[in-house]
Structures are given as C-alpha cells and as structure tokens.
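K.L.:
One structure follows; several queries about it will come next.
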C-alpha cells in the first residue's frame with residue numbers, strides 16, 4: 001500500500017511515518033500541502049494521512065481540496081495530537097473518512113488497515129468481470145459488452161477501459177494512466193492518450209444516453225462518470241406558464257405541490 005503523509009511537524013510526523021513503514025507500507029512524506037497536491041497530479045495513493053494543523057491551512061481544508069479535485073474514493077484520515085469537537089466535525093464535513101489521534105499509534109494502524117480492507121473490498125481490479133451500469137468488462141476475453149452486445153477491444157483499449165471502469169468518479173492523472181497502459185510516461189507533446197480516449201469513447205459508445213461518460217479534467221487527467229438512471233415514473237415538470245398580459249412566468253409545480261396540507265384545508 002502506498003501512503004501519503006502530510007505533516008510539517010517532525011514531532012508527530014516521524015512516529016507516524018515509522019508506524020506506516022514498520023507495517024510494510026510505502027510512506028511518502030510532505031511538509032506542505034502544495035507538494036502533496038502537486039504529486040496527486042501524477043500519482044495515485046492508496047491512503048492519505050493529513051495532519052489536523054498545518055502551517056498553510058487546516059487539515060479540513062486539505063481534505064476538501066483533495067475531495068473536490070483529485071481522489072474521490074481514496075481513504076483520507078486526519079491525524080492530530082489534539083483536536084476540538086469542532087475541528088473533528090469540520091474534518092468529516094470536508095470529506096474525511098476518519099479522525100484519529102497521533103498519540104495512539106496502535107489505534108491509528110488498526111484504523112488504516114480497516115479502511116484499506118474496506119476500500120479493497122469495493123475495488124474490482126482483482127476480479128475477472130466489472131459490471132458498471134449497462135456495461136460489462138471481461139478480462140479473460142478482453143471484451144466489453146453493452147446491454148449484452150459484445151464489443152471487441154484492442155489490448156490498449158481494454159487496458160484503458162479496465163483502468164477507468166475500476167475507478168469510477170475518480171480523477172486519474174495522465175502520468176498514472178500512461179504508466180499503467182503503456183508501461184512508461186509518454187513524451188510531453190504526445191497525443192497518444194488523447195487519441196486512445198477518443199477511440200474508446202467511440203467504440204464503447206460512452207455517451208450520456210448510455211449512462212457512462214469520460215470527462216477530461218484540465219491539466220490533471222480523466223474521470224469516468226456514471227449517470228444515475230431517472231426514477232421510475234418520474235417526468236420532467238411542465239414548462240412554466242406565462243401570466244396573461246405580462247412577461248412573467250409562474251413556477252412549474254409538481255402534482256403533489258398542488259395538495260393543501262390537512263390543517264390548511266381545514267381552516268379554509
């Protein structure tokens with residue numbers, strides 16, 4: 001497991017780093033959030049540990065930046081030697097998966113292993129099939145299917161599809177994708193990845209009507225988005241009606257909004 005540790009205080013970061021490496025995990029240490037955010041553009045971590053107090057902001061701010069920009073699914077734990085109830089609530093509101101004291105190393109390690117196990121149970125990279133919406137990817141046949149119709153892919157097309165479908169809703173950095181598909185980072189001016197993305201969109205018919213699309217995230221990478229199917233029986237509201245003689249529009253109301261509450265009807 002590859003762990004990123006953001007903590008500018010050696011008094012707390014040293015013991016945590018020793019705990020992580022002692023457990024057999026690779027630990028990448030950062031003293032400033034700018035360094036972590038920069039590396040998240042090129043690398044994918046299995047877990048991120050963030051100190052509660054940082055010279056350039058709070059842990060909650062960093063968690064919010066990570067969740068909004070890069071890793072939607074990667075477990076993030078805020079680690080602090082002291083924390084108020086308000087700070088803990090802010091961390092969870094920002095998207096942290098857990099909050100733990102650096103003064104309890106055994107508990108921190110247990111929480112890390114627990115989140116790693118839970119995260120691994122939702123990953124599909126070790127499975128032979130991936131089911132996502134109406135799509136099924138079969139690693140044994142190197143094929144994909146859409147609503148039961150088989151689509152044959154080239155090895156690189158399938159490798160890219162498997163990588164994206166394994167991490168829906170997560171931004172995957174370009175360097176990470178290139179390393180996983182080609183085995184190395186492509187030259188800076190190469191258009192090979194963009195061309196492969198375009199070909200995959202076309203071959204797999206990745207469009208909103210089929211519920212799955214690939215979004216290009218400027219200066220970062222790509223993200224596979226899955227649209228939720230509309231609720232059964234739901235219909236868009238009728239267009240707003242105009243008030244006669246004016247240019248004003250009345251808001252469209254759903255049928256249930258026309259029903260008066262019982263206590264209001266009784267008073268009429």
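K.L.:
Quick one: count up the residues across the stretch 152-195 that are surrounded by 17 or more Cβ atoms within 10 Å (Cβ to Cβ) and either in the same structural domain as residue 68 (by TED's automatic domain parsing) or under 22 Å from residue 140 (Cβ atoms) (or both).
P.N.:
14
K.L.:
Please indicate, with yes or no, whether at least one residue in the stretch 58-79 is more than 21 Å from residue 220 (Cα to Cα) and out of contact with any strand residue (DSSP E or B) (no Cβ under 8 Å at 6 or more places or on another chain).
P.N.:
Within the stretch 58-79 (the criterion being more than 21 Å from residue 220 (Cα to Cα) and out of contact with any strand residue (DSSP E or B) (no Cβ under 8 Å at 6 or more places or on another chain)), the answer is yes, since at least one residue qualifies.
K.L.:
Which one of 97, 39, 46, 7 is surrounded by fewer than 22 Cβ atoms within 10 Å (Cβ to Cβ), more than 23 Å from residue 118 (Cα to Cα) and under 25 Å from the mean Cα position of the chain (by Cα)?
P.N.:
Just one listed residue meets the conditions, 39.
K.L.:
Would you mention how many residues in the stretch 208-226 are at pLDDT 85 or above and farther than 13 Å from residue 197 by Cβ?
P.N.:
Of the residues in that region, 9 qualify.
K.L.:
So which residues in the stretch 179-200 are modelled with pLDDT of 95 or more and within 20 Å of the chain's Cα centre (by Cα)?
P.N.:
197
K.L.:
Looking at the stretch 26-35, which of the residues that are modelled with pLDDT of 90 or more and either touching a helix residue (DSSP H, G or I) at 6+ places or on another chain (Cβ under 7 Å) or surrounded by 15 or more Cβ atoms within 10 Å (Cβ to Cβ) (or both) is nearest to residue 53 (Cα to Cα)?
P.N.:
Of everything passing the filter in the stretch 26-35, 31 is nearest to residue 53 (Cα to Cα).
K.L.:
Let me ask another. Kindly provide the set of residues from the stretch 49-103 that are in a strand (DSSP E or B) and on the phi > 0 side of the Ramachandran plot, ordered by number.
P.N.:
57
The values are calculated or read from the model by the stated rules, or taken from the named source; none is laboratory data. Worth saying up front: this structure is predicted, and the values here are computed from it rather than measured. Neighbour counts run over all protein chains shown; Cβ positions are idealised from the backbone, glycine included.
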